[in-house]
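Taking it in order: structure first as structure tokens, then the write-up.
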Amino acid sequence: QVQLVESGGGLVQAGGSLRLSCAASGRTNSIYLMGWFRQAPGKEREFVAAIDWSGASTDYADSIKGRFTISRDNAKNTGYLQMNSLKPEDTAVYYCAAKPGAWGTEIRRYDYWGQGTQVTVSS
């Protein structure tokens, strides 16, 4: 099993920045892909970004490309999501997720999930 704990959420003004962290514990050597998802009130959970074990491959949702950067530090078993130029529409609960095996951005393919961290962007 893998446990994931997010941190770094909060309230920020539009145009500001936040860095989310995702600390992994347990069978961390089984993690191949780490992803970030978000869910806004009244909306379905959606993909934000993903990164593979080596960090060489990343993918981003079109809505956040150029503003968000995903990274990971395997020595610390921690993943990050740097969020810049935040907009009110980025307001959501952000979830970290992980999976072994092949690349994928679909929610159903991820086996492990954190509890989420709230990000609120004021206008």
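Here is how the numbers come out for the structure above:
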{"item": "Inter-residue pairs, beta-carbon under 6 Å, first on the phi > 0 side of the Ramachandran plot and in the stretch 70-95, second at pLDDT below 95 and not in a strand (DSSP E or B), 6+ apart", "result": "Asn77/Thr28"}
{"item": "Odd one out for Gly15, checked against (1) in contact (Cβ under 8 Å) with a residue 24 or more places away in the chain; (2) more than 12 Å from Val119 (Cβ to Cβ); (3) in contact with a Leu (Cβ under 8 Å, 6 or more places away or on another chain); (4) surrounded by 15 or more Cβ atoms within 10 Å (Cβ to Cβ)", "result": "(4)"}
{"item": "Total residues in the stretch 73-101, condition of a type in the set (D, E, K, R) and surrounded by 22 or more Cβ atoms within 10 Å (Cβ to Cβ)", "result": "1"}
{"item": "Search result, residues across the stretch 44-69 that are of a type in the set (Lys, Arg) and either in contact with a strand residue (DSSP E or B) (Cβ under 6 Å, 6 or more places away or on another chain) or in contact (Cβ under 8 Å) with a residue 40 or more places away in the chain (or both)", "result": "Arg45"}
{"item": "Filter pass, Thr105 being surrounded by 14 or more Cβ atoms within 10 Å (Cβ to Cβ) and farther than 18 Å from Glu6 by Cβ", "result": "yes"}
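The values are calculated or read from the model by the stated rules, or taken from the named source; none is laboratory data. None of the values given here were measured: they were computed from a predicted structure. Positions of Cβ are generated from backbone atoms using ideal geometry, with glycine treated the same way; all protein chains shown enter the neighbour counts.
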